1. Percent of Cα-Cα pairs more than 25 Å apart in the range 126-226, please.
2. Work out the FRET efficiency for residue 94 and residue 178 from their Cβ-Cβ distance, taking R0 = 25 Å, and round it to the nearest 0.05.
3. Once Rh is set to the Kirkwood radius over Cα pairs, what Stokes-Einstein translational diffusion coefficient, in µm²/s, holds for the range 30-272 at a temperature of 20 °C and a viscosity of 1.002 mPa s?
4. Report the label-to-label distance for residue 129 and residue 407 in nanometres (one decimal), using points 7 Å from each Cα along the Cα→Cβ vector.
5. Using R₀ = 41 Å, calculate the FRET efficiency as 1/(1 + (r/R₀)^6) where r is the Cβ-Cβ separation of residue 353 and residue 157; round to 0.05.
6. Across the range 48-63, in residue order, what do the Karplus-derived ³J(HN,Hα) couplings come to in whole Hz, using 6.51 cos²θ - 1.76 cosθ + 1.60 with θ = phi - 60° and x for Gly and Pro?
7. Which residues' amide hydrogens lie under 5 Å from the amide hydrogen of residue 112, considering only partners 5 or more residues apart or on another chain, with H built in the peptide plane?
8. Taking the square root of 5 times each eigenvalue of the Cα gyration tensor, what semi-axes in Å does the equivalent ellipsoid of the range 101-168 have, largest first?
Amino acid sequence: MRSGVLFLGATTIALVATGAANAADLEPEAKLPPTVWNWSGGYIGGHVGGGYGRTSFSNPYGVSVYGDVVDTPVFLAGGQIGYNWEKNGGVFGVELDASGAVSEGTNTCLAASGFIVSANCKAGPNLLATGTGRVGYAFGTLSHTLAYLKGGVAWQTNRGDVVNNFEGRAPQENTHFDYGRVGGIIGLGVEQALTPAWSVKVEYDYLHFGGPSVATPPTLQDPPFAILPTNTTSLSSNYHLGKIGLNYHFGADPWAAQWPDAPLYANARAGVPPPIAHTACWSFKSGSRLAQPGRFQWDASAEPDEIRRGDPSILVSRLTYHGPDGLSGELFGRLDRPWGVFLKSNLGTGRFNKGNSNDEDWGTPYVNTKSGESNGRFTYYTADAGYDFLRGANYKVGGFIGWTYYEQELRLDRVCTDR
């Protein structure tokens with residue numbers, strides 16, 4: 001809006017100075033030929049994202065009754081730097097990125113039978129970094145859209161514990177691991193140029209890592225009674241991650257709100273007002289979606305006076321709900337204000353169609369009761385407030401903080417027990 005006013009003012013001064021301009025003079029000359037966007041050059045930016053990871057533990061005692069795979073939901077944030085070369089629409093590039101990760105999970109492991117005291121395995125990746133090559137193709141309006149594939153090497157740091165579960169009065173044993181490991185990454189994404197200086201990207205990545213051999217603590221077997229000595233477990237991990245990122249391209253004006261060849265005067269002269277990127281009106285949407293709430297655990301630790309080392313991570317019982325599928329109805333509302341602030345919220349309710357649960361109890365022997373889930377329900381809502389820090393005629397880029405509430409109820413059937 002401000003650029004349009006200044007442009008018209010400059011045109012008025014030119015008309016007064018020359019005294020000879022007329023309407024015909026303003027037709028073709030006022031419209032500059034559009035410039036095709038070129039992706040060549042360097043860039044730097046940041047990203048946030050999330051996804052799903054798994055760390056697997058091999059079992060030295062045999063095939064597990066249940067477990068040995070630790071789910072680690074991931075939230076990540078970080079930055080990237082890279083360089084592109086474009087020729088005839090083909091784009092080739094290299095990129096380095098690093099992300100701090102907030103991720104931790106636990107699961108039962110090393111449970112070869114009900115007569116061996118199993119362990120509680122924990123894993124928590126906290127750093128992911130990649131070095132990749134990118135190949136893509138620029139298309140769309142003036143080549144402002146880039147679709148690409150990427151692949152290369154990756155690095156992770158992962159830390160956690162292998163802690164024996166409840167063994168009565170026996171001393172509890174545990175081992176700790178903290179390692180870095182090289183792996184591989186493949187991914188794909190779409191990047192959209194917003195202005196000559198800024199672009200936004202959406203990306204999916206798959207990362208895979210082998211792992212070291214980690215010592216397992218000695219444990220008990222009964223019957224026959226025996227102390228099983230220290231052994232080893234081999235770790236491996238993989239991640240499915242989604243990211244959204246914002247890049248600044250070197251050499252361009254970071255404050256330019258639009259492309260320099262936009263025909264602003266032609267639009268204003270025709271009486272078409274410039275588009276507004278935000279509005280003061282309420283927007284309301286409603287709909288339904290499939291929901292898969294994921295995995296939930298409830299752990300019961302032994303009382304401190306029952307444990308010689310007083311470790312609250314030593315379990316006597318664990319409930320694990322996993323694989324629930326559901327259908328929900330959802331209402332959504334959003335309020336945008338002229339200065340870029342927005343409020344949004346959604347409310348949903350639904351029911352579960354299927355799922356499973358495991359009820360594990362450590363005693364003599366270990367008992368794992370498996371049940372199917374049916375006739376459950378769930379309710380959730382979110383309330384968020386944010387700010388659009390980049391706004392243009394056809395886009396908004398912003399961030400928000402908020403609150404999420406979730407409640408569920410499950411009914412179980414089809415009970416069976418493993419020992």
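1. 51
2. 0.25
3. Translational diffusion coefficient: 103 µm²/s.
4. Those two pseudo-labels are separated by 4.6 nm.
5. Plugging the Cβ-Cβ distance into 1/(1 + (r/R0)^6) gives 0.60.
6. Coupling constants for the range 48-63: 9, x, x, x, 9, x, 9, 10, 9, 10, 6, 9, x, 9, x, 6 Hz.
7. 65
8. That gives 46, 12, 10 Å for the three semi-axes.
Just so you know, all these numbers are worked out from the coordinates, no wet-lab data involved. What you see is a predicted model; the values in this text were computed from it and never measured. Virtual Cβ from ideal backbone geometry, glycine too; neighbours counted across all protein chains shown.
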